[in-house]
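Single-structure report; data block below.
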Amino acid sequence: MPSTSELLAQVPFFSLLDEQERTVLAERVDVVTFAKGATIFNYGDPGDALYVVVSGEVEVFFKNDTGERIVLETARTGDFFGEISLLDSGPRTASAVATSDVDAIEVDREDLDELFRLAPGAAMDLLSATGRRLRKNAELLRHTATRNVNEEVEDLRTNVMKVADWISEFSGSLPFLFIHLGLFFTWIILNVGLFPFGQFDAFPFGLLTMVVSLEAIILSVFVLLSQNRQAARDRVRGDIEYDINLKAELEIAHLHEKVDQMNAELLRKLAILERAASK
């Protein structure tokens, strides 16, 4: 197995270091392995280290309030994850699981201080990568809906409701109108005495009036059933839109807070390094 220094040389994040500096850092960091399916950390765990993937893949994800699993990133060779909690000393904001056998370099806060002392430019690499991740998270918030109103309502329909929806939709269509115009025309022609047959419903067409009235009553019931279901759908849609808007607002506020904390922390570290370099 390659030495820790050789592993560091394979990772772009440590490319700014020369061989001697990598050797110094290699004495501080740890190389850890995770089997496929192993949980590296869970949401809410203390954040005391970031991980740089040497080989394998790691899936970083979280579950929203409805239990939906949202993948934030798939970290592969050279990628790192878990840096947010390390920078602000807060709990983990997501979970990470190994999707294959993983070798990774574990970097704690003291190791990170040493890295920034040896290569101050690595701080900007870390900030850039974190910014890309936050941008991707914001994109997910814009395009990820918590629930689908059609799935929430459509699957709950009974056979009666399905029939009511079909009748309500058909009764408001042009074919329905043309069919009735044809029936009414035929009915009236047969009962005005133009032909020797027919004449089963003489003017003023009382039977036709009764049939049309019964049809109107029956259709109105089906239309009301469909409208009630549509009102229920609208209520669900309103609840979903409220949940999504609230979630987006909270997440964006959380992202702004994290970015401000990371900027302050990195500026503080850079200021310390500048003072140390000027002495």
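Every number here is computed from the coordinates shown, using simple stated rules; none is lab data. None of the values given here were measured: they were computed from a predicted structure. Positions of Cβ are generated from backbone atoms using ideal geometry, with glycine treated the same way; all protein chains shown enter the neighbour counts.
Given bins 10 angstrom wide, list per bin the percent of all Cα-Cα distances in region 40-102, short to long.
Spelled out per bin, shortest first, that is 24, 53, 23, 1.
For region 149-255, what is the charge dipole size about the Cα centre, in debye to the nearest 20, if Lys and Arg each add +1 at the Cβ and Asp and Glu each add -1 at the Cβ?
Its charge dipole is roughly 500 debye.
Taking amide hydrogens as modeled 1.01 Å from N in the peptide plane, which residues meet the under 5 Å criterion relative to Asp79, leaving out close sequence neighbours?
Amide H neighbours of Asp79: Val53.
Name the GluC sites (Glu not before Pro) in region 206-279 that are in a loop by DSSP and that have at most 15 other C-beta atoms within 10 Å, would you?
In loop regions of region 206-279 (DSSP not H, G, I, E or B), there are no sparsely surrounded GluC sites (Glu not before Pro).
Amide H to amide H, which residues 5 or more places from Ala94 or on other chains are under 5 Å from it, using H placed in the peptide plane?
For Ala94, whose amide H was placed from the backbone, the distant partners under 5 Å are Gly44.
Eigenvalues of the Cα gyration tensor times 5, then square-rooted: what semi-axes does that give for region 149-255, in whole angstrom, largest first?
50, 12, 10
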